[in-house]
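The values are calculated or read from the model by the stated rules, or taken from the named source; none is laboratory data. Please read all numbers here as calculations on a predicted model, not as lab measurements. Methodologically, a virtual Cβ is constructed for each residue, glycine included, from the backbone with ideal geometry; neighbour enumeration extends over all protein chains shown. Note: areas computed on protein heavy atoms with side chains; ligands, DNA, RNA excluded. Shrake-Rupley method; radii C 1.70, N 1.55, O 1.52, S 1.80 Å.
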Amino acid sequence: MTVREINFDGLIGPSHNYAGLSLGNLASARNAGAVSHPRAAALQGIAKMRSNIALGLTQGLFLPQWRPDGAWLSALGTDVSNAEAHIRAAAMSASSMWAANAATVSPAADTSDGRTHLTVANLVTMPHRSHEWPQTLAQLRLAFSDRNAFAVHGPVPAPFGDEGAANHMRLCASHGEAGVEIFVYGQSGGPFPARQHIEASKAVARLHQLDPGRTLFVMQSQEAIAAGAFHNDVVAVANERVLFTHEQAFADKESFYADLRALLPSVEIVEVPASAVSLTDAIRSYIFNAQLVTLPDGGMALILPTEARDMPGVWAWLETMVAGNGPIRRLIPVDVRQSMANGGGPACLRLRVVADPANIDPRFLVDEARLDEVARIVDAYWPEAIAPDDLADTRLIARIEQSWLTLVDHLQLSGDLMP
Ligand code: SUG
């Protein structure tokens, strides 16, 4: 059995647009009303996947969702032509691209029944994301249908907000070994919503049959949420025995670090001080919304957005870090600017699953050749640009629907995923 980390990226959908829907996500607010470029966006995401494959990493793919979400509009007693603008925008959102919010994943080594558990995130805090889970769950049930290897759970019930892996970290000696799972939650009361509720985190830990002695619940700092860290993965990322974090990410970092060190003595905490990179600059540059990966030669690399390279102070700190003796040896900037303009960096675009690829439906795994095919469809069908007023245009809607149908048909998933 070859258990390894697989990164499932959400392909950026043909309805990608900037509707300013996410209160507390500063990039989404800043770019509200801007013209989006869905084709370029999807090709940027594909280029990131290609670059990760070239590094020797295993790559998976989640499909965009059917948009506009007619089932959701119908449950609201309307349809895309008659809906109010904000409801229409929510029904058209391509937000499922941010696969880190698709589910929380606990690898088999951590669970008492020896299966990999996945709980689809309910995303109840933001209306445009609250209707993602049924289509996400349908894909998870297909991709991870092997019941000996996987257990796929439905969403934790409202009102307990759950935003999936974006608020979950796992530290371990190596991917295949038992780890410490860390659930990061927020407390409401600040200027922006806290999207991850502690009761949702506790429910996921129970559903996944985790060892309570190796599970930590850690509160996000209020300053981090107020500065725009709407998910913990905007201020911290973990891989194997390394935690890369901003010093202001957690409400009580000393007790968190002490608990972590007691459970995993080999843990290495790479902390970025606020004196070097302020929370504001961390969130502008998204240095923590990076994919921290173990390369086949054993060294670790940080796959981070080009925005981090474009901020001289931030980049200088990172270059000093990799020149030192720490565990992170390489910096790999990737251009995902279209996603970044809605607050989604390289780490938001992927869901990590530690498993044996042989147990996964191969339609959800990609190599260079399959990405070539997907890129050809994106090139031929995805709209070039979408302005906010276009969302009501029936020709645009027909094109978005045609794009999705062509892709899903090509990947031989239409029989399973038709809305
Ligand atoms: O939920 N943006 C997403 C970004 C999610 C990033 N994911 C992680 N950090 N893991 C969000 O706020 C903006 C959509 C808009 O405004 O049109 C949006 O949904």
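Each row is one residue, and each column tells you yes or no for (1) closer than 18 Å to Ala249 by Cβ; (2) aromatic (Phe, Trp, Tyr); (3) in contact with a Ser or Thr (Cβ under 8 Å, 6 or more places away or on another chain).
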site	(1), (2), (3)
Ala165	yes, no, yes
Met169	yes, no, no
Ala173	no, no, yes
Gly186	yes, no, no
Phe192	yes, yes, no
Arg195	yes, no, yes
Ile198	yes, no, no
Leu207	no, no, yes
Asp211	no, no, yes
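Screening Tyr286 against (1) open to solvent by 60 Å² or more (accessible area, probe 1.4 Å); (2) on the phi > 0 side of the Ramachandran plot; (3) aromatic (Phe, Trp, Tyr) leaves a single unmet condition, (1). So for the range 207-221 (the condition being open to solvent by 20 Å² or more (accessible area, probe 1.4 Å), of a type in the set (D, E, K, R) and farther than 22 Å from Cys172 by Cβ), does at least one residue qualify? No, every residue in the range 207-221 fails to be open to solvent by 20 Å² or more (accessible area, probe 1.4 Å), of a type in the set (D, E, K, R) and farther than 22 Å from Cys172 by Cβ. Scanning the range 88-95 for any residue that is modelled with pLDDT of 95 or more, closer than 17 Å to Ala166 by Cα, crowded, with 22+ Cβ neighbours inside 10 Å and within 16 Å of the ligand (Cβ to nearest atom) turns up at least one such residue.
The set of residues in the range 289-312 being hydrophobic (A, V, I, L, M, F, W, C), open to solvent by 20 Å² or more (accessible area, probe 1.4 Å) and touching a residue at least 60 places away in the same chain (Cβ under 8 Å) is empty. For beta carbons closer than 7 Å, sequence separation of 6+ or different chains, a first residue in the range 46-62 that is at positive phi and a second that is of a type in the set (A, V, I, L, M) and assigned to a loop (DSSP other than H, G, I, E, B), the qualifying pairs are Gly56/Leu295.
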